[in-house]
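S.K.: Below is one structure. I have some questions about it.
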């Protein structure tokens with residue numbers, strides 16, 4: 001069961017489970033990143049490599065807030081290609097959203113627009129700007145995890161998916177990144193350092209840019 005992908009049914013959108021392999025160590029990524037190294041390696045394998053094609057670059061964004069000017073102070077790490085050259089393929093963008101940075105904004109919150117007509121602030125602005133950056137069919141991966149509010153775990157995925165769709169993204173798939181190891185017929189939890197009680201997984205959403213936006 002270790003290091004396997006399990007697809008559930010009959011969901012119209014497939015949900016897959018990623019478990020670390022027996023030699024993978026569950027390390028806590030530096031704030032505000034979300035995914036452990038073994039999951040990043042699987043992202044590269046699944047989404048940046050196609051047989052017979054040059055690998056696509058992976059751009060990793062560790063988003064710590066959605067304040068004005070977030071694009072300037074959000075760290076971005078780009079993978080180097082094996083041959084040191086430049087790829088002509090559209091990059092795959094991985095945005096890791098630490099739960100402490102997720103806003104408590106409701107879907108109907110009002111946002112201003114910039115000179116290009118895209119919503120400027122918060123998550124709507126982020127998704128619109130990212131859609132303009134990606135070519136049609138480009139992939140945006142969003143990694144997030146639950147947080148504890150008023151004693152209960154809250155899930156940010158619904159708001160994020162709805163906001164991404166408004167910006168022109170199509171929601172393709174959901175991966176569950178398990179923080180634990182398979183031992184015989186059970187999973188032994190190995191939550192990240194500082195995780196709220198009860199958290200055993202992170203989530204990875206796969207979004208595809210559709211068409212063109214103004």
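S.K.: For residue 117, which of the numbered conditions (1) under 24 Å from residue 28 (Cβ atoms); (2) surrounded by fewer than 20 Cβ atoms within 10 Å (Cβ to Cβ); (3) modelled with pLDDT under 85 fails to hold?
M.R.: In the conditions (1) under 24 Å from residue 28 (Cβ atoms); (2) surrounded by fewer than 20 Cβ atoms within 10 Å (Cβ to Cβ); (3) modelled with pLDDT under 85, residue 117 misses (1) alone.
S.K.: Give the number of residues within the range 158-183 that are within 19 Å of residue 202 (Cβ to Cβ), over 14 Å from the mean Cα position of the chain (by Cα) and part of a strand (DSSP E or B).
M.R.: 4
S.K.: Only residues in the range 164-177 that are over 19 Å from residue 211 (Cα atoms) count as the first member; pair them with residues that are outside any strand (DSSP E or B), Cβ under 6 angstrom, at least 6 apart or cross-chain, and list the lot.
M.R.: 177/39
S.K.: From the list 176, 142, exactly one residue is under 27 Å from residue 90 (Cα atoms), in contact with a strand residue (DSSP E or B) (Cβ under 6 Å, 6 or more places away or on another chain), at pLDDT 85 or above and surrounded by fewer than 20 Cβ atoms within 10 Å (Cβ to Cβ). Which is it?
M.R.: On the way: 142 fails: surrounded by fewer than 20 Cβ atoms within 10 Å (Cβ to Cβ).
The unique qualifying residue is 176.
S.K.: Go through (1) over 30 Å from residue 200 (Cβ atoms); (2) modelled with pLDDT under 55 one by one and return the number of the condition residue 104 breaks.
M.R.: If we test residue 104 against (1) over 30 Å from residue 200 (Cβ atoms); (2) modelled with pLDDT under 55, just (1) comes out false.
S.K.: Conditions: (1) in contact with a helix residue (DSSP H, G or I) (Cβ under 9 Å, 6 or more places away or on another chain); (2) more than 26 Å from residue 31 (Cβ to Cβ); (3) touching a residue at least 60 places away in the same chain (Cβ under 8 Å). Residue 203 meets all but one. Number of the miss?
M.R.: (2)
S.K.: While we're on this one: From the residues in the range 146-173 that are touching a helix residue (DSSP H, G or I) at 6+ places or on another chain (Cβ under 8 Å) and at pLDDT below 85, which one is surrounded by the most Cβ atoms within 10 Å (Cβ to Cβ)?
M.R.: Here is the first cut: in the range 146-173, the ones touching a helix residue (DSSP H, G or I) at 6+ places or on another chain (Cβ under 8 Å) are 146-147, 156, 159-160, 163-164, 166-169, 171.
Filter once more, keeping what is at pLDDT below 85: 146-147, 156.
Numbers: 146: 21, 147: 18, 156: 19.
My answer is 146.
S.K.: If I filter the range 1-25 down to residues being crowded, with 16+ Cβ neighbours inside 10 Å and touching a helix residue (DSSP H, G or I) at 6+ places or on another chain (Cβ under 8 Å), which single residue comes out as modelled with the lowest pLDDT?
M.R.: Among residues in the range 1-25 that are crowded, with 16+ Cβ neighbours inside 10 Å and touching a helix residue (DSSP H, G or I) at 6+ places or on another chain (Cβ under 8 Å), the one modelled with the lowest pLDDT is 24.
The values are calculated or read from the model by the stated rules, or taken from the named source; none is laboratory data. Because the structure is a prediction, the values reported are computed rather than measured. Quick reminder, even Gly has a Cβ in these numbers, built from the backbone with ideal geometry, and neighbours come from all protein chains shown.
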